[in-house]
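This is the structure I have questions about; it appears just below.
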Amino acid sequence: MEEMHITGVKVAYYYICPTKLWLFSHDITMEKESELVSLGKLLHETAYRGHREVQIEDIAIDFVRRGEKIEVHEIKKSRKMEKAHRMQVLYYLYYLKKRGIDAIGVIDYPKARRREYVHLTQEDESEIEAALSDIERIVKGPMPLPKRKGICKKCAYYEFCFGGEDEE
Ligand code: SF4
């Protein structure tokens, strides 16, 4: 499979909304997005003081080594986007596996004091590969038209997508 340059955030956005994926991939960012990123960084610094982030080509991950295994950690604010968070971490595990590193994933929700463990299966690998192809197709194509959904009001791109529109 041809190597694609896709970050973990793009994988997560793919599962959240194709419009969001496309806007973010074309460097269209909104102020609220930056605030959310800062909040994420703050949570990260609080929860992982002492651990260094590792940049491997396109992905930036937090890791903790425990014995034989490497744990890839991802810190999230809430569990609302659980599927997207899980796929983001699975992508990191897939990415590392392709480079000969066997790791397990951990999603930390410090506010909820919860921790989810993620293991990459063969089925997950197939899903990731299909998602990567689809991400490339979406990003290279025209902007997908925004479709209103439950999460839109909390999305940084809300004004961009629906500013001025009346609610249904
Ligand atoms: S506001 Fe809704 S449609 Fe627009 S990018 Fe965000 S999630 Fe997607």
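The values are calculated or read from the model by the stated rules, or taken from the named source; none is laboratory data. Being a predicted model, the structure only gives us computed values, none of them experimental. Note that we place each Cβ from the backbone using ideal geometry, even for glycine, and neighbour counts take in every protein chain shown. The protein model used for the area step is the full one, side chains on, heavy atoms only, and it has no ligands, DNA or RNA in it. Shrake-Rupley method; radii C 1.70, N 1.55, O 1.52, S 1.80 Å.
Around residue 106, which amide H atoms from residues at least 5 apart in sequence, or from another chain, sit under 5 Å from its own amide H, with H modelled in the peptide plane?
Here 72, 73, 74, 118 satisfy the definition.
Which log10 I(q)/I(0) values, to two decimals, does the stretch 56-144 give at q = 0.13, 0.14 Å⁻¹ under the Debye formula with one point per Cα?
Computed log10 I(q)/I(0) values: -0.47, -0.54.
Tell me the label-point distance for the pair residue 125, residue 97, using the 7 Å Cα-to-Cβ offset, in nm and rounded to one decimal.
The two pseudo-label positions are separated by 0.5 nm.
In terms of Cα to Cα distance under 19 Å, which lysines are near enough to residue 20, apart from those fewer than 8 places away along the same chain?
Straight-line reach from residue 20, under 19 Å: 10, 32, 76, 77, 80, 83, 140, 147, 149, 153, 154.
Which value, in Å³ per residue, describes the convex hull spanned by the Cα atoms of the stretch 98-153?
157
For the pair residue 133/residue 28, report the inter-label distance in nm, with labels modelled 7 Å from Cα in the Cβ direction.
Distance between the two pseudo-spin positions: 2.7 nm.
For labels at residue 80 and residue 66 in the simple 7 Å Cα→Cβ model, what's the distance in nm?
2.9
³J(HN,Hα) across the stretch 119-134 via Karplus (A = 6.51, B = -1.76, C = 1.60, θ = phi - 60°), whole Hz, x for Gly/Pro?
After applying 6.51 cos²θ - 1.76 cosθ + 1.60, I find 10, 7, 10, 4, 4, 4, 4, 5, 5, 4, 5, 5, 5, 4, 5, 5 Hz.
Among 19, 29, what's the order by accessible area (1.4 angstrom probe), most exposed first?
On the way: 19 5, 29 85 Å².
Putting 19, 29 in descending order of accessible area: 29, 19.
For the full complex of protein chains and a 1.4 angstrom probe, list 81, 87 by accessible area with the highest value first. Don't skip to the end; give the middle numbers.
Details: 81 55, 87 5 Å².
Highest to lowest solvent-accessible surface, that is 81, 87.
Going by accessible area, probe 1.4 Å, with all protein chains left in place, what is the ranking of 129, 159, 123, 71, largest first? Walk me through the intermediate numbers first.
Details: 129 60, 159 125, 123 150, 71 15 Å².
Output order, biggest surface exposure first: 123, 159, 129, 71.
Across the stretch 157-163, in residue order, what do the Karplus-derived ³J(HN,Hα) couplings come to in whole Hz, using 6.51 cos²θ - 1.76 cosθ + 1.60 with θ = phi - 60° and x for Gly and Pro?
After applying 6.51 cos²θ - 1.76 cosθ + 1.60, I find 8, 3, 4, 4, 7, 10, x Hz.
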